[in-house]
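The values are calculated or read from the model by the stated rules, or taken from the named source; none is laboratory data. All figures in this text were calculated on a predicted structure; none of them were measured in a lab. With ideal geometry, Cβ positions are generated from the backbone for all residues, glycine too; neighbour counts draw on all protein chains shown.
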Amino acid sequence: MPKLLLLEAMGNTGEYILDAARHLNAEIIVVTHEDVHEDWYSPTLKAKIAEYGKLVFADFSDSEGALRQLKELARAEGVDGVVAGWEFLTPLVARLAADLGLPGNDPTRSLSCRNKRIMARAFTEHGIPAPRTVAARDLGEAYTLVRSAGLTYPVVVKPSEQSGSWGVSVVSDDEELADAFVVAQSHIFQMPHGIPLDPHVIIQEYVGGTEFSIETVAVRGAVTPLFPYDKFTTGGAKRAEYGHTVPAELDAAQVAVLQEAAVAAARAVGITNGVAHTELKLLPDGTTRIIELGARLPGDHVVALMRQARGIDEARIYVQIALGQEPVLTPTADTAAGIRFLTPPRGGTLRSVTGLGDCDAVALSKMTVPPGGRVRAPGDNDSRVGYVILHADTAAEVNAAAAQVLANVSIEVV
Ligand SMILES: Nc1ncnc2c1ncn2[C@@H]1O[C@H](COP(=O)(O)OP(=O)(O)OP(=O)(O)O)[C@@H](O)[C@H]1O
Ligand SMILES: [Mg+2]
């Protein structure tokens, strides 16, 4: 029975990885911190780990210490593969896999898949189409670099190493840049593990057009793109994702542009054995710009959407690559699926969510905050109170049904 080491199982991809490993008859060792396990693991997740394998505690805030500990553990246990269930650990997974001689990404470039400052440098070096980016340690430097790079407003301000749209702002003048800079620079530790983050703030050219995501799969250096899918994000100063539809309705030429860019980007940041999640924009002139790439599975239950719409299980693919097995990338279905997040109109206490009526396309609806729970003002991915998953024959049908569901739902906050 192969043995898989999973670094962090909280969040929705952890469960997909656990289930995929289970179906592949792999034994699983989940590594997390004791406090994170206590505070963040649901009873279902804890039960799955107890059933499928075992739990080991580590301190990820000390990456060198964790690397030493996990190398010893993996050798003693005879581990066959290492995967990350949380994107902040993808550089550690790359180093661990390389040290153990197991399939993984290039450890010397693993930070360029995680840190947007280093990623921007890698994209420039490899000629990957991406927004022009500068990185500053203080506001004075930010103004100087913005001017010397010839960036004009609007620009996008973000932390080098966050996720979930936390600290990301689109700003229109010097004053807004100053405010956004303070917000972006406040992200200095990644909770709940307390991982220290790069204090540089990055400032980017604002790219218009339409946003998509695409997954790529790398096996022994050969990178294969899957299909682009819609990523719906709010407009305005704060950009929060409010949904995804798999696949996007695009013509063959548009698909090819996005696929080629995603493959080139994955190569540029050393994705050699594993999956990558790329977010990119398609411009009206038919060109594309890469917004970011992670050496990880997609979040937001996109794994389930792809499985439902196309019969492709990316969690299974990821585990298979880590274990040195050959993944199957051929779709077995030709339908569409989508997710929409339920977001409150403002922060406060959630009173009720009503109007989530029956609709043929709704496969699942779930509340993630109970009535009486605190909710954040919309602005990042943490303000969601629930979600709806839809399934239909085509993306157009999914999108129409989703619009109907969102129009009917009413979220009351006091
Ligand atoms: N340079 C840019 N031009 C236009 N829009 C951008 C740019 N950078 C970011 N955005 C918008 O802001 C969103 C969040 O930015 P980004 O993906 O870099 O941050 P993140 O914290 O990694 O977000 P997430 O984890 O939600 O994907 C993007 O999906 C995109 O809609
Ligand atoms: Mg992103």
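Here are a few things to note about the model shown:
- Residue 358 meets each of the listed conditions (1) under 29 Å from residue 250 (Cβ atoms); (2) exposed (fewer than 13 other Cβ atoms within 10 Å of the Cβ) apart from (1).
Let's see how each residue does on (1) within 16 Å of ligand 1 (Cβ to nearest atom); (2) crowded, with 22+ Cβ neighbours inside 10 Å; (3) closer than 23 Å to residue 210 by Cα:
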{"position": "280", "(1), (2), (3)": "yes, yes, yes"}
{"position": "299", "(1), (2), (3)": "yes, no, yes"}
{"position": "316", "(1), (2), (3)": "no, no, no"}
{"position": "322", "(1), (2), (3)": "no, yes, no"}
{"position": "328", "(1), (2), (3)": "no, no, no"}
{"position": "335", "(1), (2), (3)": "no, no, yes"}
{"position": "345", "(1), (2), (3)": "no, no, no"}
{"position": "349", "(1), (2), (3)": "no, no, no"}
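- Test: residue in segment 230-238 that is modelled with pLDDT under 95 and on the phi > 0 side of the Ramachandran plot: yes
- The sole residue among 77, 64, 87 that is under 12 Å from residue 295 (Cβ atoms) and among the acidic types (Asp, Glu) is 87.
- Of all the listed residues (59, 39, 35, 80), the sole one being of a type outside the set (S, T, N, Q) and in contact with a helix residue (DSSP H, G or I) (Cβ under 7 Å, 6 or more places away or on another chain) is 59.
- Residue under evaluation residue 353, criteria (1) assigned to a strand (DSSP E or B); (2) surrounded by 22 or more Cβ atoms within 10 Å (Cβ to Cβ), criterion not met: (2)
- Failed condition for residue 196, given (1) assigned by TED's automatic domain parsing to the domain that holds residue 171; (2) crowded, with 19+ Cβ neighbours inside 10 Å; (3) not aliphatic (A, V, I, L, M): (2)
- Within segment 239-247, one or more residues are more than 14 Å from ligand 2 (Cβ to nearest atom), part of a loop (DSSP other than H, G, I, E, B) and not hydrophobic (A, V, I, L, M, F, W, C).
- Checking the stated criteria, residue 148 turns out not to satisfy the condition of being within 16 Å of ligand 2 (Cβ to nearest atom) and farther than 30 Å from residue 399 by Cβ.
- Of the residues making up segment 370-397, those that are crowded, with 19+ Cβ neighbours inside 10 Å and aliphatic (A, V, I, L, M) are 375, 385, 388, 389, 390, 392, 395.
- Within segment 189-200, the residues that satisfy the criterion of being touching a residue at least 40 places away in the same chain (Cβ under 8 Å), in a loop (DSSP other than H, G, I, E, B) and on the phi < 0 side of the Ramachandran plot are 192, 193, 198, 199, 200.
- Among the residues examined, residue 326 does not qualify as under 19 Å from the mean Cα position of the chain (by Cα) and at pLDDT 95 or above.
- Segment 152-167 residues that are at pLDDT below 95, paired with ones that are among the β-branched types (Val, Ile, Thr) and away from ligand 2 (no atom under 11 Å from the Cβ) (beta carbon under 6 Å, 6 or more apart): 167/183
- Inside segment 177-193, residues that are farther than 24 Å from residue 151 by Cβ and buried (at least 20 other Cβ atoms within 10 Å of the Cβ) make up a count of 2.
- Segment 282-295, residues that are more than 8 Å from ligand 1 (Cβ to nearest atom), among the aliphatic types (A, V, I, L, M) and part of a strand (DSSP E or B): 282, 290, 293
- Only residues that are within 21 Å of residue 303 (Cβ to Cβ) and either in contact (Cβ under 8 Å) with a residue 24 or more places away in the chain or acidic (Asp, Glu) (or both) were counted across segment 350-392, and they come to 16.
- In segment 113-133, the residues that are assigned to a helix (DSSP H, G or I), within 14 Å of ligand 2 (Cβ to nearest atom) and closer than 16 Å to residue 205 by Cα: 116, 119, 120
- Reported count of residues in segment 201-232, each being part of a strand (DSSP E or B), within 14 Å of ligand 2 (Cβ to nearest atom) and out of contact with any Ser or Thr (no Cβ under 8 Å at 6 or more places or on another chain), is 1.
- Selection within segment 168-188: residues that are free of Cβ contacts under 8 Å to residues at least 40 places away in the same chain and assigned to a loop (DSSP other than H, G, I, E, B). The member of this set that is farthest from ligand 1 (Cβ to nearest atom) is 173.
- Meets criteria (more than 22 Å from the chain's Cα centre (by Cα) and either more than 16 Å from ligand 2 (Cβ to nearest atom) or within 27 Å of residue 243 (Cα to Cα) (or both)) for residue 143: yes
- Some residue of segment 248-259 being crowded, with 22+ Cβ neighbours inside 10 Å, within 16 Å of ligand 2 (Cβ to nearest atom) and modelled with pLDDT of 95 or more: yes
- Criterion: buried (at least 23 other Cβ atoms within 10 Å of the Cβ), within 16 Å of ligand 1 (Cβ to nearest atom) and in a helix (DSSP H, G or I) - qualifying residue of 309, 276, 265: 265
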